[in-house]
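What follows is a short report on a single structure.
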Amino acid sequence: MTMSASVAPVGEALEKLRAEAQDVVRSLRGRLPHLDDDSIDLILRGARSHYAWQDKPVSREMLETLYEITASGPTSMNTCPARFFFVESMEAKQRLAKSLKDKNIDKMMSAPVSVIIAHDLEFWKELPFLFPHEDRRPHFVGKPEHSEVTAFRNGTLQGAYFMIAARALGLDVGAMSGFSNQIVDEEFFAGTTLKSNFLCNLGYADESALFQKLPRLPFETACKFL
C-alpha cells in the first residue's frame, strides 16, 4: 500500500518544528550522554547469535514496538526500503524451510518467529510521504540498478538496526544467510517488487547451545587513520 503524500511544512511552521527537533536531541543528550557498559554489552559487545530457543512466544505488541524502534534508524533520503515478514505459522515455516540448508532447518523451525528481511525495489514510490520537501523520485525512476543498490544498502542497514533493537528489548536473535534467496523470493514474493536479503530468527534463547565466542579483528588490522 502506497502512503499518501505528506505536506512539507514551510515558514514559521518549519522553523518551529526544527527548533522542537533540536530541543529533543539536546534534552536526550542531557539526560543520557551515553549508554553504560552493561547496555553496550547487551546490544553488541556481550551479545551472541543464537541457534536454540525456549518455547516462549513473542507477542505481536513486542513485534510492533520492535519495528517502531527499527524504523527510527537513519536511511539515505529517509528511503526506508526494508520490509519485515514475521514467519510464525507452521504452514509459513514449512514454506520457508524449502529455502534453507539442512543444518538451518531446525534452528528456524524451533524459533518463535523467523523474520524475512527484504527490501522493496520500488521504495521510491513512498518518497512523497517519507521525503515530502522535495520530489526525489526522478533519482530512481527508470534507473533499476541505482534503485537496487540503494534498496539493498539501506535495507541491510535497517536489518542491522532491527537486530540491535531486538536485543535492546530483551529478545535474542540469530541471523541466517544459509538459504536460497531465489527460493524465498519465488515462494513469498513472486510477482512483486520485493527481494529477500537475509533471515533472522527471533525469540528467547536457550543459552545451553552456545559455544565460545569467536575472535574479532583487532583495531590495528581493521582500522586506519588517513
* Leading residue by the ranking (nearest to Lys56 (Cα to Cα)) among those in region 169-195 that are of a type in the set (A, V, I, L, M) and not in a strand (DSSP E or B) -> Leu171
* Asked: List, please: which pairs have Cβ atoms under 6 Å, are six or more places apart or on different chains, and start with a residue in region 19-40 that is at pLDDT 95 or above and end with one that is surrounded by fewer than 10 Cβ atoms within 10 Å (Cβ to Cβ)?
  -> none
* Assuming Tyr51 fulfils every condition listed in (1) modelled with pLDDT of 95 or more; (2) open to solvent by less than 90 Å² (accessible area, probe 1.4 Å) apart from one, which condition is it? -> (1)
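Only one residue in Ala166, Ala151, Ala160 is open to solvent by 40 Å² or more (accessible area, probe 1.4 Å), part of a helix (DSSP H, G or I), among the small types (Gly, Ala, Ser) and modelled with pLDDT of 95 or more, so which one is that? Even if it seems obvious, please write down each step before you answer.
On the way: Ala166 fails: open to solvent by 40 Å² or more (accessible area, probe 1.4 Å); Ala151 fails: open to solvent by 40 Å² or more (accessible area, probe 1.4 Å).
None of the others qualify; the one that does is Ala160.
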* Can you tell me which residue within region 99-131, out of those that are under 22 Å from Thr193 (Cβ atoms) and assigned to a loop (DSSP other than H, G, I, E, B), is least open to solvent (accessible area, probe 1.4 Å)? => Ser99
* Asked: What is the residue count in region 8-47 for residues that are outside any helix (DSSP H, G or I), surrounded by 10 or more Cβ atoms within 10 Å (Cβ to Cβ) and over 25 Å from the mean Cα position of the chain (by Cα)?
  -> 2
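The values are calculated or read from the model by the stated rules, or taken from the named source; none is laboratory data. Please read all numbers here as calculations on a predicted model, not as lab measurements. Positions of Cβ are generated from backbone atoms using ideal geometry, with glycine treated the same way; all protein chains shown enter the neighbour counts. Just so you know, the surface numbers come from the protein's heavy atoms only, side chains and all, with ligands and any DNA or RNA stripped out. Shrake-Rupley method; radii C 1.70, N 1.55, O 1.52, S 1.80 Å.
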